[in-house]
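Let me begin by presenting the structure, written as structure tokens, before commenting on it.
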């Protein structure tokens, strides 16, 4: 159906974006990238197309390309929580933990109850040796979601790194 729409109106960026989303949903990320790229060429202000192409790049393991697309999306939509969160993930995957921390902080400012952002920022703090800040974030996760076993585990592991052995088994 979408192919027919594209054949009839090949210059419609929405059609290419939506077909890209269909490819993404079936895990065909190379074709998704192609369609998102066409949508962007046709409408360079299409922030969701940048965000979704970034996701496809991420799934292909091309984190630097994903970071560029998430940054382009954020240049257009400066408060897009998904773009900040996804770019933070890619920064962390490439070892750029300081940048990841900044983006997870932006997610938290925009969505104060975002458990995943606190948890992932805590992991990033741990990676750069900021153990006290990591523990604060893991503690916040536990406050927001007392059933989050990973937050308890990561908080205990980080307390172990600090040498707070008396708190590790709590």
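The values are calculated or read from the model by the stated rules, or taken from the named source; none is laboratory data. All values derive from a computational prediction rather than experimental measurement. Please note: Cβ atoms are built from the backbone with ideal geometry, for glycine as well, and neighbour counts cover all protein chains shown.
Only residues that are surrounded by fewer than 20 Cβ atoms within 10 Å (Cβ to Cβ) and within 13 Å of residue 13 (Cβ to Cβ) were counted in region 48-64, giving 1.
Counting only helices (runs of 4 or more DSSP H) that sit completely within region 1-102, zero hold 2 or more residues that are in the same structural domain as residue 126 (by TED's automatic domain parsing), over 22 Å from residue 123 (Cα atoms) and within 14 Å of the chain's Cα centre (by Cα). Of the residues 160, 126, 137, the single one that is surrounded by fewer than 18 Cβ atoms within 10 Å (Cβ to Cβ), more than 14 Å from the chain's Cα centre (by Cα) and not assigned by TED's automatic domain parsing to the domain that holds residue 47 is 160.
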